[in-house]
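**Student:** Here it is, the structure in full.
The values are calculated or read from the model by the stated rules, or taken from the named source; none is laboratory data. Values in this document were obtained by computation on a predicted structure and should not be read as measured data. Note that we place each Cβ from the backbone using ideal geometry, even for glycine, and neighbour counts take in every protein chain shown.
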Amino acid sequence: MKKLFVFLAVLGFITISAQYAAAQTETPTGEIEQVEIPIHQQLKTKYIEGGPGFMSAILLCLVFGLALGIERILYLSLSETNTSKLLAKLDDAMKEGGVPAAMEICRNTRGPVASIFYQGLSRVDQGLEVVEKSITSYGSVQMMELEKNFSWIQLFIAIAPMLGFLGTVIGMVSAFDAIESAGDISPTIVAGGIKVALITTVFGLIVAIILQLLYNYLISKLDGIVSSMEDASISMIDILVKYEK
């Protein structure tokens, strides 16, 4: 996973930091012809104008945030289980081979639901109360695994706009320094510092918005898995009660 983060960070930095190509071409008559600038070239230009320091930091927030988000999407997708199908298999296994057969099905099934079932079934001989406590305790452990790296994504969501605002403040300070040095309030003098300030703010907010949308998607996906785990655990206890009698 660390190799993936480093690769994405280096790739993003090299791509954005590439030398900006000229947007104008000279015609045979000597006139300057305006060329439509591609969107990626415009982004490169704004990146350079915003300053390599803050823009690189904001870019890294985006790269690491997206890397963590994609990793969580893959993990949560692999953690999803067809609980209805699994419960039907467990019911048949309990009917035909008892607890050992049911445990074998859980062992061969991927996902946190099957893992929780396996922990509960392994303690059937200790009583249903112990089984329920085991399912609850191990369910908390699985929840922590599902929520892993969520706090880092939240951190990048918070840091990106803060870096943008910090760049804004520094840009405004630069603008006032230019005014002080020139002894004149000229739009040309002030424009540079204000432009840097606005660019860093915009990029910081864009990164935060992208990561926030990704984070909300992950939360909704996580809530669905947790709800499925809780419902399936109740159904599992009902199956054990049925075959205990």
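**Student:** Can you name the residue in segment 148-181 that is among the polar types (S, T, N, Q) and more than 13 Å from the chain's Cα centre (by Cα) and is also surrounded by the fewest Cβ atoms within 10 Å (Cβ to Cβ) among such residues?
**Tutor:** Filtering first and then ranking leaves Ser181.
**Student:** Related question: Could you check segment 220-245 and list, in sequence order, the residues that are among the basic types (Lys, Arg), closer than 16 Å to Val124 by Cβ and assigned to a helix (DSSP H, G or I)?
**Tutor:** Quick first cut of segment 220-245, residues among the basic types (Lys, Arg) only: 221, 242, 245.
Those left that are additionally closer than 16 Å to Val124 by Cβ: 242, 245.
Listed by number, the list holds a single entry, Lys242.
**Student:** Tell me, yes or no, whether segment 84-96 has at least one residue that is among the charged types (D, E, K, R), part of a helix (DSSP H, G or I), within 20 Å of Val226 (Cα to Cα) and at pLDDT 85 or above. Working first, answer last.
**Tutor:** First, pick out the residues of segment 84-96 that are among the charged types (D, E, K, R): 85, 89, 91-92, 95-96.
Among the residues that remain, those that are also part of a helix (DSSP H, G or I) are: 85, 89, 91-92, 95-96.
In the following step, the residues that additionally are within 20 Å of Val226 (Cα to Cα) were identified as 85.
Still in the list and also at pLDDT 85 or above: 85.
Checked segment 84-96: at least one residue is among the charged types (D, E, K, R), part of a helix (DSSP H, G or I), within 20 Å of Val226 (Cα to Cα) and at pLDDT 85 or above.
**Student:** What is the one condition in (1) more than 21 Å from Asp223 (Cβ to Cβ); (2) not in a helix (DSSP H, G or I) that Lys148 does not satisfy?
**Tutor:** Answer for Lys148: the failing condition is (1).
**Student:** So, in segment 99-113, how many residues would count as being assigned to a helix (DSSP H, G or I) and buried (at least 19 other Cβ atoms within 10 Å of the Cβ)? Give the steps one after another, and end with the answer.
**Tutor:** Just the residues of segment 99-113 that are assigned to a helix (DSSP H, G or I), to begin with: 99-107, 112-113.
Filter once more, so that each one left must be buried (at least 19 other Cβ atoms within 10 Å of the Cβ): 102-103, 105-106, 112-113.
Here the count works out to 6.
**Student:** Taking the conditions exactly as written (under 26 Å from the mean Cα position of the chain (by Cα) and of a type in the set (Asp, Glu)), does Glu145 satisfy them or not?
**Tutor:** yes
**Student:** Follow-up. With the requirement that a residue be in contact with a Pro (Cβ under 8 Å, 6 or more places away or on another chain) and among the charged types (D, E, K, R), what does segment 116-168 give you?
**Tutor:** Glu145
**Student:** Can you list residue pairs whose Cβ atoms sit under 7 Å apart, with the first residue in segment 112-140 being closer than 13 Å to Glu230 by Cα and in contact (Cβ under 8 Å) with a residue 40 or more places away in the chain and the second being β-branched (Val, Ile, Thr) and in a loop (DSSP other than H, G, I, E, B)? Count only pairs 6 or more apart in sequence or on different chains.
**Tutor:** These pairs meet every condition: Val113/Thr81.
**Student:** Among (1) in a helix (DSSP H, G or I); (2) surrounded by fewer than 20 Cβ atoms within 10 Å (Cβ to Cβ); (3) of a type outside the set (A, V, I, L, M, F, W, C), there is one condition Gly120 misses while meeting the rest; what is its number?
**Tutor:** Evaluating Gly120 over (1) in a helix (DSSP H, G or I); (2) surrounded by fewer than 20 Cβ atoms within 10 Å (Cβ to Cβ); (3) of a type outside the set (A, V, I, L, M, F, W, C) leaves (2) as the failure.
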